[in-house]
Structure formats: structure tokens, C-alpha cells
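The values are calculated or read from the model by the stated rules, or taken from the named source; none is laboratory data. Worth saying up front: this structure is predicted, and the values here are computed from it rather than measured. Heads up, the Cβs are rebuilt from the backbone with ideal geometry, glycines too, and the neighbour counts pull from every protein chain shown.
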Amino acid sequence: MKPSRTPARETIAAIATGLGGGIGIVRLSGPRAEPIVAGLVTPWPKSRPPTHKLHFGRVRDPASGEIIDEVLACVMRAPRSYTGEDVAELHAHGGARMMQRLLELVLASGARLAEPGEFTRRAFEAGRIDLTRAEAVAELIAARTDRALAAARSVHSGALEKEVRGLRSELVRALAELEGALDFPDEQPDARPEAESARAVCALETRFLALAATYRKFVRDRAEVTLVGRVNAGKSSLFNALCGEERALVDVDPGTTRDVLEAEVELGGAWVRLVDTAGERLDGGGEAGRVEERGVDLGRRRRGRADAVLLVVDATIGFGEGEQALWQSLQGTPRLLVWNKRDAGGAPAGLPEGACVVETSALTGEGLAELRAALPSLLGIEADHEGALEVSARHREALVTGAQALARAAAILSAGEPSEVAAVELRDALHHLGRITGETVDAEVLDAIFARFCLGK
Ligand SMILES: Nc1nc2c(ncn2[C@@H]2O[C@H](COP(=O)(O)OP(=O)(O)O)[C@@H](O)[C@H]2O)c(=O)[nH]1
Ligand SMILES: [Mg+2]
């Protein structure tokens, strides 16, 4: 039988590197990748150049004859390439205009501009990598902390794919046993009785849920952490200390901060948007003016959307009724007490039961390391998880939905109901595993996943 012909694929191209670096790369993938580069780079070897080797030459605009740059060109022939297709690269001087000129030449020679993530999508569609590893490519690039890198690396290495394939093969075995019992009810002396099948399915459900439970939102996502407290407690001073630069105005005058200030920083391995707000005039803190009132209002609204809150207490004043009310109002949000001005005030006292407190001095820097270190556990990403497999929100959703199907299957089997019905549920669970690795994923979901990639990857 003749193999069916697939239509020739377009050759895609994009700038693969961030703009403005010393060296920039224009990457091409597809059947015309090599001929396009051969037509632009001079001299080009008469015989086919070896694959995966750099070749020095100059890029000339075929229309004008103008030399654009000296480059190192490279061809990586299929199937030993990132996409599984012929890939070619031009390594040139990385200036923004230079890269644009090279890309324009490549496009004028017959390539099409790649969509975000299209190289990786082709690698996935060629079966070179599964969907978990394709997604991890974007996460390796997006990672802002070592913690996020470690999580991305572990998925990128195939650890999640392996885990899911393991679950899949056990599920297939359970299904085969059920269906074997269906097809040959009398000829299956060694088929498991239903109660035992139910136990096996329950065990699988537990494993689905255990894997789902490795999800930690703030390993991948930025957390918004807001400083609140009475005026003059030292919020802006702490904000500056944690940012490592003087961003907020600090003054003995109460009510200095009015606008909401933000800074993106790494704190204890968590990627945080730190927010400084206007302080509250708690019990006897004096009158706030009109503009300050508006600042306080703004701060309160901002507090409402915080992922975690640091309530800063002035150690020279202590934890009063005002702080108590503020602390109460924050119930339900991860919260931490920061006992500031420890250099000038006493030890923590009168705190609500069970409240976590860190003693600091924004003035001397005392306690700041402890404050940073307290962030991961406040955000639910304790550091001891590092390097372990951690699933994403998408994976978790698929695992939890799959586990629900398994729970229904187990209930059906234990109730002695027809095993055909249980088999339908097991197939449903299989489908959800396939959504993780990409065998049974909707096209729109794939579009959404790859749209999050940057251009050129
Ligand atoms: N002794 C001492 N003074 C501090 C400390 N933190 C802030 N201050 C002072 O307290 C005043 C108010 O600080 P600020 O950061 O503006 O407080 P905010 O109103 O909460 O933002 C300023 O005079 C700061 O220098 C601290 O840890 N120790
Ligand atoms: Mg302030």
C-alpha cells in the first residue's frame, strides 16, 4: 500500500531570541528552511552542508545585492530537530533592526511568520514531545524564580508524562479486566470479583488525587501581597526594604502614602507583586484629610483582591483594638503579623491566638530575612517541595475530573451494578488523562495553550 501523502507544510520563521542581545537568531522550520537559508547566505557549500554544524557566511539581500550581516548559519535536518522538520537558523548581530531585516528577507524568500508557540506545536504534533513537555517549554521561559524553574524543569524532563502514562496503563488494565469479564462471563475463572475491581479503581482514584494535590498556585503564578496597618507603622519603610530600593516616600508625618504603590520582587522564592497602601487612622491616629481618605479607600479595595496580607504593627504602640478589627476583617485571606520598629518597641504582646508573627525593624534590617522566608508558607509553597513534581492548574482539573469518574465507577462496582456502566466511567477517566498528555485534547484548548507562548518558540 502506498503511504498517504500529507500536504506539504508551510515553512515558518520567527526571531527566536529576545531583542537587543549581542546575538540574535532567526529560526525557520519546514521543507523550505534549508533552501531559503542557502539562497541568502554566501558563500554556501556546493555540496549539501553537514547537519547540526555552524557555517560562516554573509547574508545578502538577493534583490539589492546589499550585504546585511555576517552570520553563522545552521541546518538541523529532520527528524533530528526541535520540530521534527528541517530547521535552519541564522545567528547574527542581535539588534532590533538587524533582526527585523533578516526576518523580512526570510519571509520574502517564501517563509511565513510563525504564530506564538508554533515551533513547539509542530514538535508536539510530530510526536516528538507530549503536551506536558510542550507546556513546560513555555514555563521554563516564563519562570521568574528558582522554584518555578525547578517545577518547569521536572515536567519538561518528562516526569509528569511518565506518571500519567503509568496511571493510563493501570487504568487500561482495569478496563480490560472489566471488559474481559463482560465478553466471557463464564470463561474468566481468574477475573477479579467486583469488590476487588472496586478496590483497584479506588486505589487509582487515590493516586489521581495525590497527583492533583501537588498543585501549588503560586509556584507558577505571581502573588499579590499587600502591606496594611495603621499610619506610621512602617509599611512604606518595609516596602522599600523588601524592594531593595527607595520607591515609597517615608516620613514621620502620618498619612504620607496616598497612592497605591506596587513593585515586583522575589521574596523567599515566591514571585510577588508587593503593594504598599495608605495607612489606617486607627484609634486616636488623628484626622485624615480628603485626599488621604481617598487613598485609604483605594487601599481597602486593593486589600480585597490580595492573595496575602502583611499587617504591620507599630511595636512602639502595640496591638490595639484597631489592629484587632483589621486582623478580623482579613479572615479568609492568608495573613501575617509584622511586628515592626522592634528596635524601638517591646516584644510582641496581646496578639490573637494562633497568629503568625515576624519581628522586624525596617530601620536596622533586623528580621527582614525572616519576613522574606515566611512568604512561601504564607502562599502555600513551602520550600521543602523543591524539585518534586508539581502539576499545573490545567493538569489538576483533568486529574480531579478523572478521579470523579473513577469514584463513580467504584460505586457502581461495589453496588453490584452492571460492569458495562463502570467501564464507561473508566473510559471517561482515560479521556481525562489523555487531555493532560495531549492525545484527547480539544483543538481550542491547544490553541489557548500555544497562544500563551512567546513568538519564536
Ligand atoms: N525606629 C524605627 N522607626 C521606623 C521603623 N520603620 C519605620 N520607621 C519610621 O516610622 C515613620 C513612618 O514610616 P513609614 O514607612 O512612612 O510608615 P507608614 O506610614 O506605615 O508607611 C518614619 O519616620 C520611619 O522612619 C523601624 O523599624 N524602626
Ligand atoms: Mg506609607
Scan ARG290, ARG258, ARG220 and give me the residue that is free of Cβ contacts under 8 Å to residues at least 60 places away in the same chain, away from ligand 1 (no atom under 12 Å from the Cβ) and among the basic types (Lys, Arg). ARG290
All positions within the stretch 10-40 that are assigned to a loop (DSSP other than H, G, I, E, B) and surrounded by 16 or more Cβ atoms within 10 Å (Cβ to Cβ): THR11, ALA16, THR17, GLY30, ARG32
Test GLN331 against the criterion of being in the same structural domain as ALA233 (by TED's automatic domain parsing), loosely packed, with under 13 Cβ neighbours inside 10 Å, of a type outside the set (Lys, Arg) and farther than 22 Å from GLY269 by Cβ, and give yes or no. yes
Segments classed as helices (runs of 4 or more DSSP H), wholly inside the stretch 287-393, with at least 1 members that are modelled with pLDDT of 95 or more and under 29 Å from the mean Cα position of the chain (by Cα): 368-378
Just checking, which of ASP251, ASP186, ASP146, ASP190 is within 16 Å of ligand 2 (Cβ to nearest atom), modelled with pLDDT under 95 and surrounded by fewer than 19 Cβ atoms within 10 Å (Cβ to Cβ)? ASP251
Run LYS53 past the list (1) without any contact (Cβ under 8 Å) to a residue 24 or more places away in the chain; (2) touching a strand residue (DSSP E or B) at 6+ places or on another chain (Cβ under 8 Å); (3) over 27 Å from PHE124 (Cα atoms) and report the number of the one that doesn't hold. (3)
Please work out which one of (1) on the phi > 0 side of the Ramachandran plot; (2) at pLDDT below 95 is the condition GLY158 fails and give its number. (2)
Is there a residue in the stretch 260-278 that is at pLDDT below 90 and more than 25 Å from ARG372 (Cβ to Cβ)? no
Six or more apart or on different chains, Cβ under 9 Å: which pairs go from a residue in the stretch 60-88 that's more than 25 Å from PHE119 (Cα to Cα) to one that's crowded, with 16+ Cβ neighbours inside 10 Å and of a type in the set (S, T, N, Q)? Could you list them? PRO62/SER109
Among residues of the stretch 223-247 being assigned to a loop (DSSP other than H, G, I, E, B) and either within 26 Å of the chain's Cα centre (by Cα) or near ligand 1 (Cβ under 7 Å from one of its atoms) (or both), the residue surrounded by the fewest Cβ atoms within 10 Å (Cβ to Cβ) is GLY244
How about the stretch 315-339: which of its residues are closer than 17 Å to GLY299 by Cβ and within 15 Å of ligand 1 (Cβ to nearest atom)? GLY322, GLU323, LEU326, VAL338
Of everything in the stretch 254-296, what is among the β-branched types (Val, Ile, Thr) and near ligand 2 (Cβ under 10 Å from one of its atoms)? Give them in sequence order. THR256, THR257, THR277
